[in-house]
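Asker: Could you have a look at this structure, given as structure tokens, before my questions?
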Amino acid sequence: MNFDRIAPWYRWFEYAVFGRALERRRSALIGEVAEAKQVLVLGDGDGRALVDLLAATPRANIDCVDLSAHMLGLARARAGNARVAYRHTDALSMPLPCQTYDLVVTHFFLDCLSEADMERLLVRVTPALVPSARWIVSEFRQPTVWAASLVRGMYVFFRITAGLRTMGLADHRPIFARHGFRPIRMQTAWGGLMVSELWQREGVGVFP
Ligand SMILES: C[S@@+](CC[C@H](N)C(=O)[O-])C[C@H]1O[C@@H](n2cnc3c(N)ncnc32)[C@H](O)[C@@H]1O
């Protein structure tokens, strides 16, 4: 899988299909995490969400991880180097520090992963979090036939343009619950096609 080829046009494809709806999902819950200090952003893409996250979390240092060098280049051009470390690596195998992050952000990234890979991700990321860490998820859902058709179309599109091998949308919610997270906020849009979620790991206090 490689998003390099479509990185320059990614946002134009997005605007053509969804207008600003995905941007609204990405920024929907960032007002709730203003106190975050150490943030891990996985599969950030072209940096639009990173700019908003930086503005919403003035005390945070952010590790921004993406497999696509081109996406990372766009993100760096948009968001700059202050408070952000860009890491060109695979989120499923990169080394992570122990008990460090108080916030993880994944916007439309978990949909690139199979259920097994999602489980693998949670096994790797959870030990890198402080006990009461939060996790913002923006994702697609398939509550209707219409939504399922649109999601299927997107998988075909990304298989052709980016070589995505994942065949369909896995449900991250039971996996998050198994790893000790509970949902504390949720917003849906477009009849349930898109969701913004804020999860919190069971622990004491909100931010340490
Ligand atoms: C569907 S795009 C989503 C981009 C952006 N977050 C958004 O909201 O539109 C998925 C992004 O995750 C990256 N990605 C996919 N699998 C990855 C992995 N295993 N490790 C790191 N980045 C990955 C891709 O390169 C791409 O930039």
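Asker: Residue 7 fails exactly one of the following numbered conditions: (1) near the ligand (Cβ under 8 Å from one of its atoms); (2) of a type in the set (Gly, Ala, Ser); (3) touching a Lys or Arg at 6+ places or on another chain (Cβ under 6 Å). What is the number of that condition?
Answerer: Every listed condition holds for residue 7 apart from (3).
Asker: Could you tell me whether residue 182 is charged (D, E, K, R), assigned to a strand (DSSP E or B) and free of Cβ contacts under 8 Å to residues at least 24 places away in the same chain?
Answerer: Yes: the conditions hold for residue 182.
Asker: (1) free of Cβ contacts under 8 Å to residues at least 24 places away in the same chain; (2) within 11 Å of the ligand (Cβ to nearest atom); (3) surrounded by fewer than 14 Cβ atoms within 10 Å (Cβ to Cβ): which one isn't true of residue 14, the others all being true?
Answerer: (3)
Asker: Next question, about the same structure. Does residue 143 meet the test of being under 27 Å from residue 35 (Cα atoms) and of a type outside the set (D, E, K, R)? It would help to see each step written out before you state the result.
Answerer: Numbers: under 27 Å from residue 35 (Cα atoms): no; of a type outside the set (D, E, K, R): yes.
When the stated conditions are applied, residue 143 does not pass them.
Asker: I need the full set of residues from segment 18-37 which are away from the ligand (no atom under 14 Å from the Cβ), of a type in the set (Gly, Ala, Ser) and assigned to a helix (DSSP H, G or I), in order please.
Answerer: Selection gives 31 alone.
Asker: While we're looking at this one, here's another question. Starting from residues that are more than 9 Å from the ligand (Cβ to nearest atom) and not in a helix (DSSP H, G or I), keep the ones in segment 61-75 and report whichever is surrounded by the most Cβ atoms within 10 Å (Cβ to Cβ).
Answerer: 64
Asker: Name the single residue that is modelled with the lowest pLDDT among those in segment 166-191 being closer than 22 Å to residue 17 by Cβ and over 18 Å from the mean Cα position of the chain (by Cα).
Answerer: 167
Per-residue answers, yes or no, for (1) among the aliphatic types (A, V, I, L, M); (2) within 26 Å of residue 154 (Cα to Cα); (3) part of a loop (DSSP other than H, G, I, E, B):
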{"residue": "11", "(1), (2), (3)": "no, yes, no"}
{"residue": "16", "(1), (2), (3)": "yes, yes, no"}
{"residue": "39", "(1), (2), (3)": "yes, no, no"}
{"residue": "44", "(1), (2), (3)": "no, yes, yes"}
{"residue": "53", "(1), (2), (3)": "yes, yes, no"}
{"residue": "59", "(1), (2), (3)": "no, no, yes"}
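Asker: Further, regarding this structure: Is it true that residue 207 is at pLDDT 95 or above and either surrounded by 14 or more Cβ atoms within 10 Å (Cβ to Cβ) or touching a Ser or Thr at 6+ places or on another chain (Cβ under 9 Å) (or both)? Quick ask: steps written out before the conclusion?
Answerer: Numbers: at pLDDT 95 or above: no; either surrounded by 14 or more Cβ atoms within 10 Å (Cβ to Cβ) or touching a Ser or Thr at 6+ places or on another chain (Cβ under 9 Å) (or both): yes.
When the stated conditions are applied, residue 207 does not pass them.
Asker: Where in segment 81-164 are there strands (runs of 3 or more DSSP E), lying wholly inside it, with at least 3 residues that are more than 12 Å from the ligand (Cβ to nearest atom)? Working first, answer last.
Answerer: Values: elements: 84-88, 101-107, 129-140.
Result: 101-107, 129-140.
Asker: Show the residue pairs meeting these rules: Cβ distance below 9 Å; 6+ apart or different chains; first residue within segment 71-93 and of a type in the set (Asp, Glu); second residue modelled with pLDDT of 95 or more.
Answerer: From residues that are of a type in the set (Asp, Glu), the pairs are 90/65; 90/67.
Asker: Please list, ordered by first then second residue, the pairs with beta carbon atoms under 6 Å, 6 or more apart or interchain, first in segment 37-54 and basic (Lys, Arg) and buried (at least 21 other Cβ atoms within 10 Å of the Cβ), second at pLDDT 95 or above and not in a loop (DSSP other than H, G, I, E, B).
Answerer: none
The values are calculated or read from the model by the stated rules, or taken from the named source; none is laboratory data. Just so it is clear, the structure is predicted and the values come from calculations on it, not from any experiment. Backbone-built Cβ (ideal geometry, glycine too); neighbour counts: all protein chains shown.
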